[in-house]
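Undergrad: Before we start, here is the structure in question, set down as structure tokens.
What follows draws every value from the coordinates through simple rules; no lab data is involved. In this text the structure is predicted, and so the values were computed from the model without any measurement. Here the Cβ is made from the backbone with ideal geometry for all residues, glycine too, and neighbour counts use every protein chain on show.
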Amino acid sequence: MNQEETILAPGIGWTLLIAFGIMWVGLGLYWGRKSKSLDGFMLAGRNVGIAFGSATAMATWVTSNTIMVVPQFGLKMGVWGLLAFTTASFGLFLFAPMAARIRNLMPRGFTSGDFIRLRYGKVAWSVFLGISLFYSMAWLVSMAMAGGIVLEALAGINYKYGMSMILLVCVLYTLVGGLYAVIGTDFIQSVIILIGIIAVAVAALSRMDLGDAYETSVQTQPALFNALLPVALLSLFNNMFFGFGEVFHNNVWWSRAFAIRKKVVSKAFSLAGLLWLPIPLAVGFSALFSNSLGINITDIDMTGPLIAGELLGSTGAVVLFVVIFCSLGSSIDSLLAATSDLLAEDVYKKMINPSVSDEQLRKISTLIIVGLGLVTWLICLPRVGNLMSVLFFAGPFVGSAVWPVVTGLYWRRSNEVGAVLSMVCGSAIGLYAYFEYGWYTASLIATIVSMVITFGTIALSKTRFDWSVLNEEKL
Amino acid sequence: MHHALIRLRTQSRTVAAILIVITLQLLTVDVGAAGFQEPDGESYQTDDGTVPLVWGEIGVGPEPDRVYEVRRWSEGETESSLLVYEGEDTASFVSGLNEGKHIFRIRSKDRDGVYPEWGDESLEVTVDYIDMAIVWPLMGAGAVCFIVLILTIVLGRRAVERKEIA
Amino acid sequence: MVLFPKLVVVALIFAAIILTAAGVVTLLWMVVKDIISKDLW
């Protein structure tokens, strides 16, 4: 098995891509009938039930990274590496009570930007929007690029065509169906993802005796089972805070907090966390035993596909192809929708044209989705390589936003100076750590710095925030 | 006659010399031909216990049907070596190495051939993990930050509920 | 060096796979419930 061969014939790859593409767009059209109003298009009518609500949060959080990077974490950092990845689900658990609080405070809110603007004021809002848009674009671009690279490696589909196809499908169904289509397809995608993961895991188990495999791997790759592996221990909290930063600040999650029915919103996020929790272990454990399975990993970036292909042959490649396509779709559509909301509501309506009507804003939203897709496509076109590092680069930025969001939701004394300082200083010192000590310390240090500053300014603060300011409708 | 003898002797010497040179060349091709192309150089330092190895026949293009054997000798572990990879691939991502020095060696043969003796060339990989003296304080700070975060949310939520009841 | 015990590693892996399977079942069960009570959206 060498690097040049693809696991799947291009014909099969294209057939899958087109079949699923048509299905998603068809479903988008079907659900899109409901999304005529602005509330319907942006927030799926603010009445999404528990099944769709938890599935959409879970599926959005399963990105192509979860499928592709988790096995790499297992191979590089062993058991702790996989456990470190599972901590990303903690973000969903902790966001659950926050989502209920958000719904109470902002019954007619639209975006996370709305919250920061009303809670802290315009300076904090600008810094926050900068961080959020940078992170969202990095996420979007890294996924589209990873998608193109994976499709090429798996099925020999030309990078440009594969990447374009993924983006085109996602833009189309988000455009015609709004958040209804995003959430509906997310449900189907999450079921497919979970079943696919189980299939590959069971195939791996049937190929080896876990006990024997453990004995072999402990001999040949002892550090993978080291309970005190330094890099992995550091990445534990780093990953956790990166995850907190991503979930707490990003409009992808806030738009779901606004979209899911108020009564079940907290439960939906907790359940999503529970659904997500076991995924890294189930996806990545075979990477711990690649030696015992007799699989030679020639290229670290292809760890997952190499193992799945070896375990299940072309069936495995088909399963993996579909799972990756679903995880790409479920995250790219959500990001397109949530980021266009942020641009439409926070930038266009609040900064450029405050008197815009709901109907116009819905039209502007669709234009922004097309624009976002186009910009992403243009950035991805010259294949500059795996943009994973850019995403990790965003770690300190989002980590620094954790405390302004959390204290802003619960503490009256939390104030604008603290929010701005903690985001700016947290990001700066986190970035320094990124270059000085390595990526596995950046988010951790950014979050800690941000905590110290937030608490310091709260202790000195004379602010007593009036919560009713957050309810814009009342005003 | 004498001349003829001398000529014969010199001729046989030349032939012998040529033969020796050829066998030496053959031997060197077989003994020292396979080598690591990545990482570059004779030593490699890592802080995460992994090393991406790429190898091939040095000086010649890719050779079909070549079987490679890569082994590792590790300081402080077993006396004998451990098999890293054997087969026709020309790369392997090695991970899970303990802290310390590891020597990697490679040799190759034709599919039905016999391996030559191990050559002198080797790759020395030094694994030097981050000092636990840095790890523990950072972990501690992370744990504190985590616990405070949970408390903020849980207590904040409780305070809100209490106010709603009141 | 402190190693993760074999039992812990094996238990973690099996727990993860079982929990994932339970997740699919829960999702499907919930969607049926939501469809019946017309609570989907």
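Undergrad: In peptide A:440-449, how many Cβ atoms from other protein chains are near each Cβ within 10 Å, on average?
TA: 3
Undergrad: Give me the inter-chain shielding for A:276-288: mean count of other chain Cβ atoms within 10 Å, whole number please.
TA: Per residue, the number of nearby Cβ atoms from other chains is 5 on average.
Undergrad: Hey, got the Cα dimensions of region B:33-129 along the principal axes, in Å, largest first?
TA: Principal extents (largest minus smallest coordinate, Cα): 39, 26, 21 Å.
Undergrad: Which of rounded, prolate, oblate describes chain C, given a ≥ b ≥ c as roots of the alpha-carbon gyration tensor eigenvalues and a/c under 1.5 marking rounded, otherwise prolate only if a/b is larger than b/c?
TA: Prolate.
Undergrad: Less than 14 Å Cβ to Cβ from residue A:229, Lys/Arg counted +1 and Asp/Glu -1: what total charge do the surrounding residues give?
TA: -4
Undergrad: What ranking do A:117, A:33 get, fewest neighbouring Cβ atoms within 10 angstrom at the top?
TA: A:33, A:117
Undergrad: Exposed loop sites here are GluC sites (Glu not before Pro) in DSSP loop states with at most 12 other C-beta atoms within 10 Å. What is the longest stretch of chain A lacking them?
TA: Between the exposed loop sites, the longest stretch runs A:6-472.
Undergrad: Another question, then. Ratio of region A:394-470's C-alpha Rg to 2.2 N^0.38 Å, to two decimals?
TA: 1.13
Undergrad: Continuing with the same structure: Rounded if a/c is under 1.5, else prolate if a/b is larger than b/c, else oblate: which is region A:340-470, with a ≥ b ≥ c the root eigenvalues of its Cα gyration tensor?
TA: Oblate shape, in that a/c is at least 1.5 and b/c is the bigger or equal ratio.
Undergrad: Can you figure out the FRET efficiency of residue B:88 with residue A:432, using R₀ = 41 Å and their beta-carbon distance, to the nearest 0.05?
TA: So the FRET efficiency works out to roughly 0.35.
Undergrad: Taking K and R as +1 and D and E as -1, what net charge do the other residues with C-beta under 15 Å from the C-beta of residue C:6 add up to?
TA: -3
Undergrad: Also, I was wondering about something else. Starting at the first residue of region A:334-340, write each ³J(HN,Hα) from the Karplus equation 6.51 cos²θ - 1.76 cosθ + 1.60 with θ = phi - 60°, in whole Hz, x for Gly and Pro.
TA: 5, 5, 4, 5, 5, 6, 5
Undergrad: Using the Cα gyration tensor of chain A, with a ≥ b ≥ c the square roots of its eigenvalues, what is the shape: rounded (a/c below 1.5), prolate (a/b larger than b/c) or oblate (neither)?
TA: Since a/c reaches 1.5 but b/c is at least a/b, the shape of chain A is classed as oblate.
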